[in-house]
Amino acid sequence: MKGLLGIEDLTRGEAQAILDRARDFQTPLGERPRRFELLKGRMVVNLFFEDSTRTRISFEAAAKRLSADVINFSAKGSSVSKGESLKDTALTLQAMAADLIVLRHRASGSSRMLADLLEIPVVNGGDGRHEHPTQALLDLFTIKRHLGRIEGLTVGIVGD
């Protein structure tokens, strides 16, 4: 798999494997999160072209708990304000030896475009009104934890 671009790209088995693995990292309420060395020596870049507090901090915290080196990029105050494109920014980060890019962008399909361009995995952290697959997986994880199942349920998601 070359990153995570959309929920429909996952087979049922792949989605289940992600949910099963997520349980391994879950921290009981009131306890400090455990640290793992799965991404030690890897560089994760949170490439955010759109404001987001919870999503950016969630990705940063997760990467740090997995012992990754994390770089947070915000379009504000960067060369993007001088006209640098998403493509040029991403190619620069790849040349700087980034191992994974988490992209949050207002343009639908931006994560897929970047994944087709780059040789490193891209995770879609939300691309406009199109898709936010990590949020969908978190929603599935939460529903399954509270209801014990996903199968046979009708779920309505209401948001902006």
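Just so it is clear, none of the values below were taken in a lab; they were calculated from the coordinates. Values in this document were obtained by computation on a predicted structure and should not be read as measured data. Here the Cβ positions follow ideal geometry from the backbone for every residue, glycine too, while neighbour counts run over all protein chains shown.
What to note about this one:
- DSSP beta bridge pairing in the stretch 8-138, given as percent antiparallel to the nearest 5: 5 percent
- Span from the the stretch 95-160 Cα centroid across to the the stretch 2-63 one, whole angstrom: 10 Å
- For the chain: lysine pairs under 28 Å (alpha-carbon distance), excluding those fewer than 8 apart on one chain: 11
- Cα-projected label distance for A97 with D9, points at 7 Å along beta-carbon direction, nm: 2.6 nm
- Of (i) 218; (ii) 132; (iii) 104, the label for volume of the Cα convex hull per residue in Å³ derived from the coordinates: (ii)
- For the stretch 13-99: Kirkwood Rh in Å [reciprocal of mean 1/r, alpha carbons]: 14.9 Å
- A full extension of the chain between R65 and R129 corresponds to an added length of 20.1 nm, given 0.36 nm per residue minus the alpha carbon distance.
- Theoretical FRET efficiency, 1/(1+(r/R0)^6), r = Cβ-Cβ of L117 and H146, R0 41 Å, to 0.05: 0.55
- For the stretch 44-160: relative contact order, % (alpha-carbon pairs under 8 angstrom, 6 or more apart): 23 percent
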